[in-house]
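The values are calculated or read from the model by the stated rules, or taken from the named source; none is laboratory data. Predicted model, so just to flag it, every value in this text is computed and none were measured. Glycine gets a Cβ as well: all are built from the backbone with ideal geometry, and neighbour counts include every protein chain shown. The protein model used for the area step is the full one, side chains on, heavy atoms only, and it has no ligands, DNA or RNA in it. Shrake-Rupley method; radii C 1.70, N 1.55, O 1.52, S 1.80 Å.
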Amino acid sequence: MTEVAIYNTLLAGWFVLAAITFVVLLRLAAPYGRHAQPGWGMQLPNRLGWILMEAPAVLVMAWCLAVGSPSRLVWFFGALWLVHYVHRAFIFPFRLRSTGKHMPLAVAGSGLLFNIGNAYLNGRGLTVFHAYPDTWWQDPRFLVGLAIFGAGLAINLHADTVLLNLRRPGDKGYRVPSGGLYRWVSCPNYLGEIMEWTGWALATWSLPGLAFALWTAANLVPRALAHHRWYVSHFDDYPRRRRALLPRLL
Ligand code: NDP
């Protein structure tokens, strides 16, 4: 089997898996953080779990860039990817106030497999299987996608920072977040993440980019709904006009 055949099969399967994941996660909140439950087998320290599952997204993309023959544009896409994932894999885990918290090996393992497949599809897609015209830098899809990616990154970083600052060192409990987009939604960090990869799909105008955007929504729309239900059931004074993910809509 050639690499193209393997790539195309994996890509088709990626869309199917995203749909299955969405349906499963609507019924079952991924068992980490506030939705952690007993019965999920071996546990890892939370920080280690995050590094383990996110580091492959950096390593595989770096490998694709190193062994491919990227144009300046593809280097730029690679840099956007690495900005997000170097933070997620190697900085974010050390910002967590989650001393003593754990995540199931099953969650870290499935995140790790997802990130290997996803970085391979996007990395090889960009460096080997797709070509862009020289004018792509001025294409409206690139420019609008880049703006959505940048806005999503800023929203995600800000919203995560608000959450991480809610706890004092050693504190493990939950408080009601406020300010910024928390005025309107319970999970602006997830909204920002979905915007990032929707912008990426538009800017790269690629099927693996689209698959990744759908995967992100498949993971985070159900989780935002679960977080929102959890907030409403745990805080009597939870702001009534706040929605889960999209102001006034969802
Ligand atoms: P959460 O919002 O559940 O938690 C983020 C951190 O903030 C955790 O350390 C959590 O603690 C803490 N926290 C959350 N809410 C509160 C609160 N009300 N009071 C005090 N502390 C709080 O996010 P996730 O852990 O699910 O995700 C983290 C990042 O990873 C996000 O930016 C998300 O977008 C991204 N992500 C991306 C995915 C994708 O498919 N692309 C999939 C999953 C995550 P604790 O762990 O104890 O709950």
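Only protein heavy atoms count here; on that basis, with a 1.4 Å probe, Ser233 has an accessible area of about 90 Å². Taking all protein chains into account, the per residue accessible area for the stretch 1-127 stands at 49 Å² (1.4 Å probe). Per-residue ellipticity at 222 nm computed for the chain from its helices equals -21500 deg cm²/dmol, with DSSP H segments shorter than 4 residues left out and the rest contributing -39,500 (n - 2.57). Within the shell of other residues whose beta carbon sits under 12 angstrom from the beta carbon of Phe212, the net charge comes to -2, with Lys and Arg scored +1 and Asp and Glu -1. Relative to the compact-globule estimate of 2.2 N^0.38 Å, the Cα radius of gyration of the stretch 109-250 comes out at 1.21.
Counting only Cα atoms, the stretch 1-53 measures 42, 27, 16 Å along its principal axes, largest extent leading.
In order along the stretch 194-204, phi translates into HN-Hα couplings of 5, 4, 3, 7, 6, x, 4, 4, 5, 5, 8 Hz, rounded to whole numbers, per the Karplus curve 6.51 cos²θ - 1.76 cosθ + 1.60 with θ = phi - 60° and x for Gly and Pro. How large is log10 of I(q)/I(0) for the stretch 178-221 at q = 0.26 Å⁻¹ when the intensity is taken from the Debye formula with one equal scatterer per alpha-carbon? For the requested q values the scattering log ratios are -0.81.
With both labels modelled 7 Å from their Cα along Cα-to-Cβ, the Arg240 to Asn165 distance reads 3.0 nm.
As a size descriptor, the averaged projected area of the C-alpha convex hull of the stretch 1-131 was calculated at 9.3 nm².
Using a 1.4 angstrom probe on heavy atoms only, work out the carbon and sulfur share of the accessible area of the chain in %. Carbon-and-sulfur percentage of accessible area, whole number: 68.
Of the listed residues Phe235, Phe94, Phe149, the order by accessible area with a 1.4 Å probe, largest first, is Phe94, Phe235, Phe149. Annotation: peptides 100-109, 135-144, ranked by per-residue average of other Cβ atoms within 10 Å with the highest first, follow the order 100-109, 135-144.
Under a 5 Å amide H cut-off, with hydrogens placed 1.01 Å from N, His102 pairs with Asn46 among residues at least 5 apart or on other chains. In order along the stretch 53-60, the phi-based Karplus estimate (6.51 cos²θ - 1.76 cosθ + 1.60, θ = phi - 60°) of 3J(HN,Hα) comes to 7, 9, 4, x, 5, 6, 5, 5 Hz; Gly and Pro are listed as x. Residue-normalised convex hull volume from the C-alpha trace of the stretch 56-109: 79 Å³ per residue.
Considered as an equivalent ellipsoid built on the Cα gyration tensor, the stretch 57-169 has semi-axes of 30, 19, 10 Å, the largest given first. Divided by 2.2 N^0.38 Å, where N counts the residues, the Cα radius of gyration of the stretch 194-250 comes to 1.41.
Mean projected area of the convex hull spanned by the Cα atoms of the stretch 140-206, taken over all viewing directions: 5.0 nm². Along each principal axis, taking the top coordinate minus the bottom one, the Cα set of the chain gives 55, 40, 33 Å in descending order. Taking amide H positions as modeled 1.01 Å from N, with prolines and chain starts lacking one, the residues under 5 Å from Gln43 and 5 or more places away or on another chain are Leu105.
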